[in-house]
1. Just the accessible area for Trp355, please: 1.4 Å probe, Å², rounded to the nearest 10?
2. So what is the relative contact order of segment 227-356, in percent, for Cα pairs below 8 Å that sit 6 or more residues apart?
3. Can you give the local net charge around Met195? Use residues other than it whose beta-carbon is closer than 10 angstrom to its beta-carbon, Lys and Arg +1, Asp and Glu -1.
4. For segment 1-122, what Kirkwood radius comes out of the mean inverse Cα-Cα distance, in Å?
5. For Ala208, list long-range residues whose amide hydrogen, built 1.01 Å from N in the peptide plane, is under 5 Å from its own amide hydrogen.
6. Hey, can you find the accessible area per residue of the chain for me, probe 1.4 Å, expressed in square angstrom?
7. Treating only the Cβ of Lys, Arg, Asp and Glu as charged (+1, +1, -1, -1), what charge dipole size does the chain show about its Cα centre? Round to the nearest 20 debye.
8. Compute the Rg to Rh ratio over segment 105-233 from the alpha carbon atoms, using the Kirkwood formula for Rh, and round to two decimal places.
Amino acid sequence: MWEAYTHRFLDDQGRVIDRSAGDRTTSEGEAYAMFFALVDDDRAHFDKLLDWTQANLASGDLTAHLPAWSWGKTDSGDWKALDGNSAADADVWMAYTLVEAGRLWHEPRYESLGRLMAARIAKEEVVLAPGVGTTVAPGSKGFHPDDDRYILNPSYLPLPVLEGLSHADPHGPWGAVIASLPALLSQAGTRGFAMDWVVAGPNGVQPAPPPVEPSAGKRETQAAGSYDAIRVYLWLGLADPGTSGLKELLSAVPGMAAYLKGAVTPPLEVDGQGNVVRAEGPIGFSAAVIPYLMAVHAKAQARTQMDRLEATRDPGGSLYGHPVEYYDQNLALFSTGWSEQRYRFDADGRLHVKWK
């Protein structure tokens with residue numbers, strides 16, 4: 001599947017291309033692809049991804065800059081960073097993957113760069129949010145509309161990755177970030193569904209509409225659980241069962257497992273009160289919930305999602321869905337790699353891979 005993914009979405013320079021979004025590239029896409037390359041023992045692609053990211057998203061120097069989150073074609077026809085702000089979901093995955101790549105490939109340069117990125121994330125993106133505690137803001141700028149509130153994204157905080165960073169950087173804030181996860185996920189009124197965005201303030205954590213992107217034509221006005229929130233279930237499902245605090249976190253988001261007792265597919269969108277407003281989630285959503293359903297011992301529901309995933313496999317390319325969409329393939333790579341035991345995280349967040 002990784003080979004099929006590289007043929008469809010990765011160019012010769014190491015740029016991951018989202019063809020459903022104007023051929024743009026995100027730091028998230030680069031970070032995920034670096035992780036997949038590591039799991040596949042594909043150092044050639046890993047180096048290209050790292051080099052392209054550094055040259056184009058980090059002004060040529062990842063030791064000095066967190067990567068810009070969005071790169072693509074401007075209105076004037078130039079190809080460059082469209083928004084220089086960082087994206088913490090990409091940053092934590094990239095830092096973690098570099099640390100683990102250094103360990104597994106015996107390359108100290110990767111490991112040092114990963115620890116340095118972790119230190120920069122701690123300096124530029126880690127915040128103290130009312131009602132939550134020490135956590136990671138979605139980017140180095142913005143997301144703090146006033147002194148009392150932060151806009152946060154629960155899917156930007158993958159538990160096994162944070163565990164890994166806490167051991168790679170034991171003097172950093174990662175233990176405190178992990179300790180704040182239950183408060184971030186426990187949102188009253190959502191019927192146990194994860195939300196895309198939340199606001200943390202003096203009154204606790206509440207569902208929130210997404211923040212404004214500079215390129216957006218208008219602002220969404222409703223809180224929802226959808227394309228971002230689906231990763232909350234995925235990350236928790238990927239964590240080792242012995243990971244400290246995992247049971248409490250799984251108990252904070254029972255809504256998806258409860259819904260799938262009576263439904264065949266995960267919902268595309270739930271509102272801020274946990275009501276399903278769009279029922280038929282894409283194939284990537286089915287892939288994402290498989291590890292989560294296994295973690296909560298909902299094996300029959302997991303089997304249904306596995307059947308749906310396999311039924312939509314492209315026989316010519318080992319990808320999934322009709323049409324084959326970029327985001328679905330990322331979710332499916334995480335899920336199938338885990339299901340096939342090509343990688344595992346241990347309770348300390350250390351990555352274990354199939355290759356020697």
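The values are calculated or read from the model by the stated rules, or taken from the named source; none is laboratory data. On a predicted model such as this, the values are computed, not experimentally measured, just so you know. In this analysis, Cβ positions are derived from the backbone assuming ideal geometry, glycine residues included, and neighbour counts consider all displayed protein chains. Ligands, DNA and RNA are stripped out before the accessible areas are found, and what is left, the full protein with its side chains, is counted by its heavy atoms. Shrake-Rupley method; radii C 1.70, N 1.55, O 1.52, S 1.80 Å.
1. About 50 Å², ignoring ligands and nucleic acids.
2. 28
3. Around Met195, the surrounding residues sum to -3.
4. By the Kirkwood definition, the hydrodynamic radius is 14.2 Å.
5. Correct list: Trp197, Val198, Val199, Ala224.
6. On a per-residue basis, the chain sits at 42 Å².
7. Around 680 debye, computed over the chain.
8. Values: Rg = 15.5 Å, Rh = 15.5 Å.
Using Cα coordinates only, the ratio equals 1.00.
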